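Trainee: Before I ask anything, let me first share the structure, which is written out below as C-alpha cells.
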Amino acid sequence: MALRTAEEYKAGLRDDRKVYILGKKVPDVTVDPYIKVGVETAAFDFLLADHPGMHDLAVMEDPGTGEPISRYFELPDYPEVVAKRHELVKGACNVADGALPFVKDVGTDIINALTAVARVAGDKKYLDRITEYRRYCAVNDVALAGAVTDVKGDRSKKPSEQSSPDYYLRVVDETEDEIVVSGAKAHITASAYADEILVIPPRNMSEEDADYAVAFAVPVNTPGITQICRPSFRYEDTAHFPTPSPRRGHVEALVIFDNVRVPKERVFMLREWPAAQGLAYAFSAFHRYTAVTYKIPIIEYMTGLGMLAAEANGVHKASNIRERFVNMIRYTETTKALAKAAALDPQDFAGSGLFVANPLTSNMAKLHFASQFHDFVRDIQDIAGGLLVTQPTYKDWQNEDTRPYLEQYMGGAGEYNAEQRLKLMSTLHHVVASDFAGWHEVCSIHAEGSFATQKMMLLAEAPSKYYKDKARAMVGLDG
Ligand SMILES: Cc1cc2nc3c(=O)[nH]c(=O)nc-3n(C[C@H](O)[C@H](O)[C@H](O)COP(=O)(O)OP(=O)(O)OC[C@H]3O[C@@H](n4cnc5c(N)ncnc54)[C@H](O)[C@@H]3O)c2cc1C
C-alpha cells in the first residue's frame, strides 16, 4: 500500500471505534460537525505527497522495497534528517492553512524515542518490535495519535501512591501472548480520527510503579477503548465571515482503556520501571522540537493579522503601535531563530545513533514561544480594538436590513471598506478572542509539556559545568 490518499485515510476511520462528544456516541467521525474539522486537518498529511512544493520533502523510498513511503517514518540515523523534518513540519502546516496535520508527527516522535531507548539499552527484543512497528506504519501509511499524559489524580504522588490505581494507565493482567491494560490518558489530540494510538509512560517510576511502566500500540477500535471528546469549533458556525479555506484545528479526547488486550508484539516496555524516565526524556527531546516547529507558521500569520488590523484602523504609523510591531516581530523571529538553530545543530541522542535537534536550544525555543505567547496576543488585541469582541456577525452582513448600516459605519482607514474591515476582524476574533483563542492560549502553556518540563530540560542540558569552570578559573578558586 505504502502511501494512502486522503479519501483512503478517511474511509479507514469509518469503523466500530467508540467515540463520544457532547454526550452522544458518534456513528462516523468523518461527518460529525466538530470532529470532521480535525479529520479534514489531519487529511493534509495524506495530501503532501501530491503537493508540488512538498513531494520531495514528504516522500522517500522505503529502504526495503523502494516503494514510496511518508518521510515521517524515516529512521533519523543521519544528522541532516533533523533539518529535513523541520522543513517537513513547517511545510505541512503551511499547506494545511496554518495548522499542524498532526497524525504523523507525534506518533513518529514516540517511535523514534522508543527506538533510541531500545538501542541505548541494547534490548534486541524491543528494538526488533519497534523496528517492525515503524515498518508496519510506513507500509500501511498509518495515522497515529500519541497518548503520554495520564489523568494523574494527585500530582504530588507517584502512580502507586494514588488514592485510585486507575489514575495512571497500568498492566492489570498478562498471558504468554498478550497484556491487558486499564487506565485513562487525558487531552489526547486527534485520537478520535487516528488509526492507532501509541501509549508511553509520562514520567519516572519506582519499583512499586512497575505495572505502570508500559508502552504499546493498539488500533483505535480495539475493544475496551472509549474516547470522550471535547468540542472545538465547527464549519457550520456561520457567524464568522467565510475565508478562502475553512478554519483548521484539532479535537482532543479523554481516552479510556478498560481491560484492553494488547498482543506482545505491540508491547515496547513492560515493567522495566528504571527505563520509564529515559523514555519520557527521549520523547520530550524528539517531540518538543516538533512542537516549536509547528508554532512558527501560526505566529507568522498572527503577526501579519496584527499588522493588518493596525492598517485597517489607520494607526500603523503611530509610535505606540509600531512599538507593538517591534514586540511581535521580536517574538516571532526569536522563536524562529531558536528553532532553526536547534535544527542546524543535530545531536546524537544519548549515543543511540539517532539524531535530534539540539535539545537545549529546542527547549529554549519552546519556552520562549510559550512564556511570551500571552503578551503577543495582548499586543494584537491592543492594536485591533474592542471590535474584536463586539463586532456584528456575518449573519448581520448578509441581512439586507442591517448590511447598509454596517457599510455606512464599519469602514476603516485607507482602502479598507466595511466588508474588508469586518472580514479581518472576524478572523481576528477567531484567532485571539474566541473560545478557540482561549484554547490556543492554554495550549501554548500546556501542550507538549508545561513550562516546568522545559525548564527541567534546560537545567539538564545546559553546559553548567563549563560555565562554572570558567568562573572558577577567573576567580582563581583552584589555586
Ligand atoms: C491542547 C492540548 C493538546 C494536548 N495533546 C496531547 C497529546 O496529544 N498527547 C498527550 O499525551 N498529551 C497531550 N496534552 C497534554 C499535555 O502534555 C499536558 O497538558 C501537560 O503535560 C500538563 O499536564 P496537565 O494538563 O495534566 O497539567 P498538570 O500536570 O496538572 O500541571 C498543572 C501545573 O502543575 C504543575 N505540576 C504538575 N505536577 C507537579 C509536581 N509534581 N510538582 C510541581 N508542580 C507540578 C505543572 O508544572 C503546571 O504548572 C495536550 C494538552 C493540551 C492543552
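Trainee: Among VAL171, VAL95, which is more than 26 Å from the chain's Cα centre (by Cα), surrounded by fewer than 24 Cβ atoms within 10 Å (Cβ to Cβ) and of a type in the set (A, V, I, L, M)?
Mentor: Every option except VAL171 fails the conditions.
Trainee: Would you confirm, using the coordinates I've provided, whether ASP56 is assigned to a helix (DSSP H, G or I) and without any contact (Cβ under 8 Å) to a residue 40 or more places away in the chain? Can you show your working first?
Mentor: Working: assigned to a helix (DSSP H, G or I): yes; without any contact (Cβ under 8 Å) to a residue 40 or more places away in the chain: yes.
So ASP56 fits the description; yes.
Trainee: Next up: Would you point out which residue out of HIS446, HIS440, HIS429 is within 23 Å of GLU252 (Cα to Cα), under 37 Å from the mean Cα position of the chain (by Cα) and either loosely packed, with under 11 Cβ neighbours inside 10 Å or away from the ligand (no atom under 16 Å from the Cβ) (or both)? Show your work before the answer.
Mentor: On the way: HIS446 fails: either loosely packed, with under 11 Cβ neighbours inside 10 Å or away from the ligand (no atom under 16 Å from the Cβ) (or both); HIS440 fails: either loosely packed, with under 11 Cβ neighbours inside 10 Å or away from the ligand (no atom under 16 Å from the Cβ) (or both).
The conditions single out HIS429.
Trainee: Residue by residue through region 259-317, note down the ones that are more than 19 Å from ALA210 (Cα to Cα) and touching a Pro at 6+ places or on another chain (Cβ under 9 Å).
Mentor: PHE283, SER284, ALA285, PHE286, ARG288, TYR289
Trainee: Every residue in region 383-418 that is buried (at least 17 other Cβ atoms within 10 Å of the Cβ) and part of a helix (DSSP H, G or I), please.
Mentor: Within region 383-418, ILE383, ALA384, LEU387, LEU388, TYR394, TRP397, LEU406, ALA418 qualify.
Trainee: Which residues, taken from region 447-474, are touching a Ser or Thr at 6+ places or on another chain (Cβ under 7 Å) and of a type in the set (A, V, I, L, M, F, W, C)?
Mentor: Selection gives PHE451, MET457.
Trainee: Do any helices (runs of 4 or more DSSP H) entirely within region 424-479 hold 2 or more residues that are of a type in the set (A, V, I, L, M, F, W, C) and within 21 Å of PRO359 (Cβ to Cβ), and if so, which?
Mentor: On the way: elements: 435-446, 451-461, 464-475.
Where helices (runs of 4 or more DSSP H) fall fully within region 424-479 and carry at least 2 residues being of a type in the set (A, V, I, L, M, F, W, C) and within 21 Å of PRO359 (Cβ to Cβ), they are 451-461.
Trainee: Give just the number: which of (1) farther than 17 Å from GLU265 by Cβ; (2) surrounded by fewer than 24 Cβ atoms within 10 Å (Cβ to Cβ); (3) more than 15 Å from the ligand (Cβ to nearest atom) does ALA213 not satisfy?
Mentor: (2)
Trainee: Could you please find all residues in region 333-353 being farther than 16 Å from ARG288 by Cα and assigned to a loop (DSSP other than H, G, I, E, B)?
Mentor: Selection gives SER352, GLY353.
Trainee: Here's a follow-up. So, of the residues in region 180-210 that are among the acidic types (Asp, Glu) and surrounded by fewer than 22 Cβ atoms within 10 Å (Cβ to Cβ), which turns out to be nearest to PHE257 (Cα to Cα)?
Mentor: Filtering first and then ranking leaves ASP209.
Trainee: How about region 110-165: which of its residues are within 12 Å of the ligand (Cβ to nearest atom), under 25 Å from ALA6 (Cβ atoms) and touching an Asp or Glu at 6+ places or on another chain (Cβ under 8 Å)?
Mentor: Answer for region 110-165, where residues must be within 12 Å of the ligand (Cβ to nearest atom), under 25 Å from ALA6 (Cβ atoms) and touching an Asp or Glu at 6+ places or on another chain (Cβ under 8 Å): LEU144, ALA145, GLY146.
Trainee: Follow-up question, since we're still on this one. Looking at (1) part of a helix (DSSP H, G or I); (2) β-branched (Val, Ile, Thr); (3) within 27 Å of ARG135 (Cα to Cα), which is the only condition VAL260 fails?
Mentor: For VAL260, the failing item is (1).
Trainee: How about region 26-43: which of its residues are in contact with a Leu (Cβ under 9 Å, 6 or more places away or on another chain), surrounded by fewer than 23 Cβ atoms within 10 Å (Cβ to Cβ) and within 17 Å of GLY249 (Cβ to Cβ)?
Mentor: THR30, TYR34
Trainee: Still on this structure: THR108 is checked against (1) of a type in the set (Ser, Thr, Tyr); (2) touching a residue at least 24 places away in the same chain (Cβ under 8 Å); (3) more than 25 Å from ALA11 (Cα to Cα) and fails just one. What number does that condition carry?
Mentor: Going through (1) of a type in the set (Ser, Thr, Tyr); (2) touching a residue at least 24 places away in the same chain (Cβ under 8 Å); (3) more than 25 Å from ALA11 (Cα to Cα) one by one, THR108 breaks only (3).
Trainee: Moving on to the next point. Go through region 66-91 and count every residue that is outside any helix (DSSP H, G or I), in contact (Cβ under 8 Å) with a residue 40 or more places away in the chain and either among the charged types (D, E, K, R) or surrounded by 20 or more Cβ atoms within 10 Å (Cβ to Cβ) (or both).
Mentor: Filtering region 66-91 for residues outside any helix (DSSP H, G or I) gives 66-70, 74-80.
Now drop any that are not in contact (Cβ under 8 Å) with a residue 40 or more places away in the chain, which leaves 67-70, 75-80.
Narrowing the set further to residues that are either among the charged types (D, E, K, R) or surrounded by 20 or more Cβ atoms within 10 Å (Cβ to Cβ) (or both) leaves 67, 69-70, 76-77, 80.
Of the residues in that region, 6 qualify.
Trainee: When the residues of region 286-324 are filtered to those that are touching a residue at least 24 places away in the same chain (Cβ under 8 Å) and not in a helix (DSSP H, G or I), which remaining residue is surrounded by the most Cβ atoms within 10 Å (Cβ to Cβ)?
Mentor: Only one residue tops the list, namely VAL315.
Trainee: If you don't mind, another one. If the requirement is being closer than 22 Å to ALA350 by Cβ, in contact with a Pro (Cβ under 9 Å, 6 or more places away or on another chain) and not aromatic (Phe, Trp, Tyr), which of these qualifies: LEU100, LEU75?
Mentor: After applying the criteria, what remains is LEU75.
Trainee: Moving on. Which residue pairs have Cβ atoms closer than 6 Å, lie 6 or more positions apart in sequence or on different chains, and pair a first residue in region 166-193 that is free of Cβ contacts under 8 Å to residues at least 24 places away in the same chain and within 12 Å of the ligand (Cβ to nearest atom) with a second residue that is assigned to a loop (DSSP other than H, G, I, E, B) and not hydrophobic (A, V, I, L, M, F, W, C)?
Mentor: Hits for this filter: TYR167/LYS152; TYR167/GLY153.
No value in this document is a laboratory result; all are computed from the given coordinates. Note that the structure is predicted; figures quoted are calculated from it, not measured. We place every Cβ from the backbone using ideal geometry, glycine too, and count neighbours over all the protein chains shown.
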